[in-house]
Amino acid sequence: MSAHLLSSRILRIIGLLLALLMASLLPGCSAIRVGYNQAPEVAYWWLDGYFDFSSAQAERVRADLVQLQAWHRAKELPLYLGLLDRLGRLLPGTVTAEQLCELYTDARPRLSAMVEQAEPSLTSVALSLQPEQLARLARQLDKRSDNWREEWLNGTPTERLARRSKQLIDRVETLYGRLESPQRAALRASVAASSYDADLAYRESQRRHTDTLQTLRLINSGGVGPERNRLEARALLERALASPDPVYRALQDKLVQDSCRTYADLHNSTSPKQRSKALETVKNYEADVRALLSRRP
């Protein structure tokens, strides 16, 4: 798992009772520790799939990723412990949507911190890219878009709704254990009533792809100067976190608020046994973060 992915998962987990998405993506505590400790190499190969780095580029990217992880381990992981502790204090009792949204809001700066830290590396890579690498990136982004469309836009509305409902239920059950029928029904109803717009999400992904290619080409052209390059790289990363499209931003804000209510209602319907399992999961993540801080595998 890359440091950025760990940051984004921590953020998204808070929106879903903090351990929800992480539990769905990582099968156990040891996977988090091993994945994080191997993050620079894993992240390198993921990026190389998009760019096919030269030997010189590979050396620089690997060094940057190691440096990024060292910063993240020292500066960010301690902050995650605080967020996890706050969540753990909430889980045994009932929660409110406002409490969950407050945690989510407090976690957002962790991604902004990653943006600031990653900007110099992005600028350096962009300046070194060759035309064939930018063309490869464009092809890879198109392939990613095709896969996303197939998963989330194809099929009837009923089929798409069923896929989204199953995904959410599976994630929730990873945290709480098996849900009761009324709890499953409530989650399906929440998905059905959601303001989520797959077509708008797809258009936003296309905007990001176009924005990425245009910005990398601008930096790569070498005609705007070092300071402008830095600003362009930073702005690209910030637009990835906060879309310039006001319609999309408004929808995202509404979805966050709706999600906080959904997860609060769900949590408040859980049994003592289910809450105990959720708390155990969060405590396990705390142990993982502490182990990572002490550099244990």
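The values are calculated or read from the model by the stated rules, or taken from the named source; none is laboratory data. This structure is a prediction, so every number in the text was calculated from the model and none was measured. Cβ: placed from backbone, ideal geometry, glycine included. Neighbour counts: every protein chain shown.
Some points to look at:
- Whichever residue in region 172-190 is among the charged types (D, E, K, R) and within 14 Å of Gln274 (Cβ to Cβ) and, among such residues, is surrounded by the fewest Cβ atoms within 10 Å (Cβ to Cβ): Arg178
- Flag if Asp146 is of a type in the set (Asp, Glu) and closer than 18 Å to Tyr248 by Cβ: no
- Count of region 164-190 residues, restricted to those that are assigned to a helix (DSSP H, G or I) and more than 20 Å from the chain's Cα centre (by Cα), is 11.
- Enumeration of residues in region 219-231 that are of a type in the set (D, E, K, R) and more than 13 Å from Val125 (Cα to Cα): Glu227, Arg228
- Filter result for Leu81 (in a helix (DSSP H, G or I) and either surrounded by fewer than 19 Cβ atoms within 10 Å (Cβ to Cβ) or in contact with a Ser or Thr (Cβ under 9 Å, 6 or more places away or on another chain) (or both)): yes
- Qualifying residues in region 191-235 (those that are buried (at least 16 other Cβ atoms within 10 Å of the Cβ), among the β-branched types (Val, Ile, Thr) and over 19 Å from the mean Cα position of the chain (by Cα)) - the one nearest to Val247 (Cα to Cα): Val191
- The listed residues are Arg73, Arg108, Arg62, and the only one of them that is of a type in the set (D, E, K, R), in a helix (DSSP H, G or I) and over 20 Å from the mean Cα position of the chain (by Cα) turns out to be Arg62.
- When the helices (runs of 4 or more DSSP H) confined to region 196-280 are screened for residues that are free of Cβ contacts under 8 Å to residues at least 24 places away in the same chain and more than 28 Å from Glu151 (Cα to Cα), those reaching at least 3 such residues are found at 226-241.
- Some residue of region 187-202 being at pLDDT below 90 and over 16 Å from Asp258 (Cβ atoms): no
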